[in-house]
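Structure first, commentary second.
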Amino acid sequence: MLIVNGTIITFDKENQIISDGAILITGEHIADLGSTAELTAKYPTEEVLDAQGKLAMPGLICAHTHFYGAFARGMAIPGAAPQNFPEILEKLWWRLDKALLWQDIRYSALVCLVDAIRHGTTTLIDHHASPNAIEGSLDIIAQAVEEAGVRACLCYEVTDRDGEEKTREGIEENERFVKKVKGELGGNQGNLVGATFGLHASLTLSDETLEECVALAEELGVGFHIHVAEDMADVRDSLKKSGLRVVERLNEFGVLGRQTIAAHCVHVDAYEMDILRETGTRVVHNPRSNMNNAVGVADVPGMLKLGIDVGLGNDGFSNNMFTEMHTAYLLHKLGKSDPRIMGADQVMQMAFQNNAQIASLFFTDPLGQLSVGALADVILVDYQPTTPLTEGNFPWHIIFGVDGTGVDTTIVGGRVLMRNKKLLTLDEEEICAKSREWAGKLWKRV
Ligand SMILES: [Zn+2]
């Protein structure tokens, strides 16, 4: 397939803009890039997809999400409104996740995948919990991901908060699924589904559980996906349990490292940042969630300056990663009372380069960039620049002018999942109707 007449932003090392550009896709990969005139002459018999002047960009990556959060939209929480983060966990999330049954897991994932394709998000790193439906839960999500045709890395959030038996089941679900994805159980998940080891957060994990999970993950050859110092409650709990702050405690057990994703890192001090940098741990920033939970402002500019790979996630908010980028751009200026903080170029670094680095932990071929040999995850976005668009200023166009609602075409691994805003792999109407039905039933159980 030859995409022609696009304004290509490559987001590779050179970060080029090719106006009136073309992309040749062969199989799952990008085979050539250049001007429309050059590539149409070179490949005259290719099937053509006309971008009609739209922006052509790599599909977006969401480095931390919870598909099951979809069923919280509009849900009334019984009793007084939660006053702080521990109350939000207890009154909302830990009631919701306990109520999740098989159909809820499937439809909450599917509605997120519809939303992701609509907004050009082609790779998602999910963190799943359903304490009353653990074994096999990751297979249900994997099936939805494959039906949708996007990429996702899955794991189960191990926690001690529901008793020993659930801890055990959570550990086993990670082990089983990692082995399946790695093909050891004869499963063949292709290049769409990846796996890692999920841990909820330091505050719900005992020393014994951490020890056991680290030994097992080492055996499996994977890192972790865990919430880190999202709220001061996590720090207080860690100090009480171990006399150490969260990053220090997790590092003592060997949880951190280049394969580990530490979501949030809102309450980390300078010493902890050094540990994150030295261990090569990937931090994922979720600005909308942090603002919504009023947990604080992570020192993302400081972490980026130190050279920590900070990526961007949505923590279960809408799968429009452009909105997450816009929020990241605004939050730190207000947080530090300094308009110079967090340039649009730094937001692009998190959302594209750093997220691509994180996603590449789970998928063998390069992704998150338009370059020859990379996976053909491409989106076309409707955007008419009203001022000159250049290699030097495109990040500010993306922050001030481009939004996920302008995504017209979504392609993953050369397969077109949405064209002219019409979904080709999922039946949106049916999925939304079923989702409303199952979410309504779940709300009654909550
Ligand atoms: Zn989260």
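With contacts taken as Cα pairs under 8 Å at a separation of at least 6 residues, the chain carries a relative contact order of 21 percent. Which percentage, to the nearest 5, of the DSSP beta bridges contained in the chain is antiparallel? Taking every DSSP beta bridge within the chain, about 45 percent pair in antiparallel fashion.
A Förster radius of 22 Å combined with the Cβ-Cβ distance from SER242 to GLU219 puts the calculated FRET efficiency at roughly 0.35.
What angle, in degrees between 0 and 90 and rounded to the nearest 10, separates the Cα long axis of helix 102-118 from the longest principal axis of the Cα atoms of the chain? It works out to around 30 degrees. Restricting to Cα pairs below 8 Å that are 6+ residues apart, what does the relative contact order work out to for region 164-291? Please round to a whole percent. The normalised contact order for region 164-291 reaches 20 percent. The lysines within cross-link reach of LYS441, meaning a Cα-to-Cα straight distance under 27 Å and a gap of 8 or more places when in the same chain, are LYS91, LYS98, LYS166. Bridgeable lysines around LYS42 (alpha carbons under 28 Å apart, same-chain partners fewer than 8 residues away excluded): LYS13, LYS54.
3J(HN,Hα) couplings calculated from phi for region 434-446 with the Karplus curve 6.51 cos²θ - 1.76 cosθ + 1.60 (θ = phi - 60°) are, in sequence order, 5, 4, 4, 5, 5, 5, x, 5, 5, 4, 5, 5, 5 Hz; Gly and Pro show x. What the chain shows is 39 Å² of accessible area per residue, with the surface traced by a 1.4 Å probe over protein heavy atoms. Length available on full extension from GLU428 to GLU208: 0.36 nm per residue minus the Cα-Cα distance, which gives 74.8 nm. The distance between label points at GLN83 and GLU28 comes to 5.2 nm (points 7 Å beyond Cα on the Cα→Cβ vector). With all protein chains present, how much of the accessible area of the chain (probe radius 1.4 Å) comes from carbon and sulfur, to the nearest whole percent? Using a 1.4 Å probe with all protein chains present, the chain comes out at 50 percent carbon and sulfur.
The values are calculated or read from the model by the stated rules, or taken from the named source; none is laboratory data. The shown structure was predicted, so the numbers you read here are calculated from the model rather than taken from an experiment. So basically every Cβ, Gly included, is an ideal-geometry build from the backbone, and we count neighbours across all protein chains shown. We work out accessible area using only protein heavy atoms, side chains counted, and drop any ligands, DNA or RNA first. Shrake-Rupley method; radii C 1.70, N 1.55, O 1.52, S 1.80 Å.
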